[in-house]
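Presented below is the structure to which this report refers.
The values are calculated or read from the model by the stated rules, or taken from the named source; none is laboratory data. On a predicted model such as this, the values are computed, not experimentally measured, just so you know. Don't worry about glycine lacking a Cβ; one is built from the backbone with ideal geometry, like all the others, and counts go over all protein chains shown.
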Amino acid sequence: MRIDILTVFPEMLEGFFSCSMMARAQKAGLAEIHLHDIRDYTTDKHHKTDDYPFGGCAGLVMKIEPIDRLITDLKSQRDYDEVIYTSPDGERFSQKTANTLSLLENIIILCGHYKGIDYRIREHLITSEISIGDYVLTGGELAAAVMTDSIVRLIPGVLSDEQSALSDSFQDNLLAPPVYTRPAEYKGWKVPDVLLSGNQALIDDWEFQQSMERTRRLRPDLLQ
Ligand code: ADE
């Protein structure tokens, strides 16, 4: 899968995508993540990516031309399944959205900034708008990182069997059960006996009951 991220601050994301699982997925050839600086597609001498809004309201709006040039350039090289805009007024991102997007081949994620982007981009170039929650970030870069991380880790082969995404919280609408590691006892705080029993059927049953109990207590909305 290939993800092209369009931003005015690629350096905000470079570190994130060169570490840990995101780096592994790219090295293994399972995911290609390309960061594009929107500023590279400006043609004026000041490399302006934003301008004052018509109508006189406060703030700056991202300009249409560099974004259109960049998206047109990418689309001339391959077909894209989705062109996503990160925005607090988009559809709420969820594990279900991550699952759906992880099955696609090529997607573009456009990171918004300032007051937003010229609305014509949303009308003519964007195929879906996604929010990562009901709060406003200064830009869409963190949203793009959050979405890309949760999408890429679902690509088969990115996680090892032991880390399988199938046991994640939310994957089956249940929160994950508690996990423990050695030592089996620390300061008198004990790991539940069942996990040391070696009886896999009992362990599976205990984990399921724990998931149900935690979901009922912490996120009852998921059970509806
Ligand atoms: N840009 C600013 N706030 C955002 C949010 N909550 N989700 C996605 N993109 C954003």
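Worth a mention:
- Of everything in the stretch 101-119 that is within 15 Å of the ligand (Cβ to nearest atom) and surrounded by fewer than 21 Cβ atoms within 10 Å (Cβ to Cβ), the residue that is nearest to ILE84 (Cα to Cα) is GLY116.
- Given (1) in contact with a Leu (Cβ under 7 Å, 6 or more places away or on another chain); (2) free of Cβ contacts under 8 Å to residues at least 24 places away in the same chain, index of the condition PRO183 fails: (1)
- TYR80 being away from the ligand (no atom under 16 Å from the Cβ) and not β-branched (Val, Ile, Thr): yes
- Scanning the stretch 122-132 for residues that are within 8 Å of the ligand (Cβ to nearest atom) and either in contact with a strand residue (DSSP E or B) (Cβ under 7 Å, 6 or more places away or on another chain) or not assigned by TED's automatic domain parsing to the domain that holds LEU104 (or both) turns up ILE130, SER131.
- Tally, over the stretch 32-47, of residues that are within 15 Å of CYS111 (Cβ to Cβ) and not in a strand (DSSP E or B): 4
- Taking every residue in the stretch 58-69 that is touching a residue at least 60 places away in the same chain (Cβ under 8 Å) and pairing it with any residue that is aliphatic (A, V, I, L, M), at least 6 positions away or on another chain, the pairs with Cβ-Cβ distances below 7 Å are ILE67/LEU6; ILE67/ILE38; ILE67/LEU110; ILE67/ILE117; ILE67/ILE121.
Listed here are the residues, each with its yes/no results for (1) in contact with a Cys (Cβ under 6 Å, 6 or more places away or on another chain); (2) closer than 23 Å to ILE71 by Cβ; (3) assigned by TED's automatic domain parsing to the domain that holds LYS96; (4) loosely packed, with under 11 Cβ neighbours inside 10 Å.
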{"residue": "ASP134", "(1), (2), (3), (4)": "no, no, yes, yes"}
{"residue": "THR138", "(1), (2), (3), (4)": "no, yes, yes, yes"}
{"residue": "ALA145", "(1), (2), (3), (4)": "no, yes, yes, no"}
{"residue": "LEU159", "(1), (2), (3), (4)": "no, no, no, no"}
{"residue": "PRO177", "(1), (2), (3), (4)": "no, no, no, no"}
{"residue": "PRO192", "(1), (2), (3), (4)": "no, no, no, no"}
{"residue": "LEU195", "(1), (2), (3), (4)": "no, no, no, no"}
{"residue": "ARG216", "(1), (2), (3), (4)": "no, no, no, no"}
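- Members of the stretch 170-211 that are over 32 Å from the mean Cα position of the chain (by Cα), of a type outside the set (S, T, N, Q) and part of a loop (DSSP other than H, G, I, E, B): PRO183, ALA184, LYS187, GLY188, VAL191, PRO192, GLY198
- Just one residue in the set PRO53, PRO66 is in contact with a helix residue (DSSP H, G or I) (Cβ under 6 Å, 6 or more places away or on another chain) and either at negative phi or within 16 Å of the ligand (Cβ to nearest atom) (or both); that residue is PRO66.
- Total residues in the stretch 1-31, condition free of Cβ contacts under 8 Å to residues at least 60 places away in the same chain, surrounded by 13 or more Cβ atoms within 10 Å (Cβ to Cβ) and not in a loop (DSSP other than H, G, I, E, B): 2
- Residue identified as at pLDDT below 95 and either within 16 Å of the ligand (Cβ to nearest atom) or farther than 27 Å from ARG24 by Cβ (or both) among GLN224, GLN210, GLN171, GLN200: GLN224
- When each of ARG153, ARG78, ARG69 is tested for being modelled with pLDDT of 95 or more, surrounded by fewer than 17 Cβ atoms within 10 Å (Cβ to Cβ) and over 29 Å from ASP51 (Cα atoms), the lone residue that passes is ARG78.
- Every listed requirement among (1) of a type in the set (Asp, Glu); (2) within 16 Å of the ligand (Cβ to nearest atom); (3) more than 30 Å from VAL83 (Cβ to Cβ) is met by GLU141 save one, (3).
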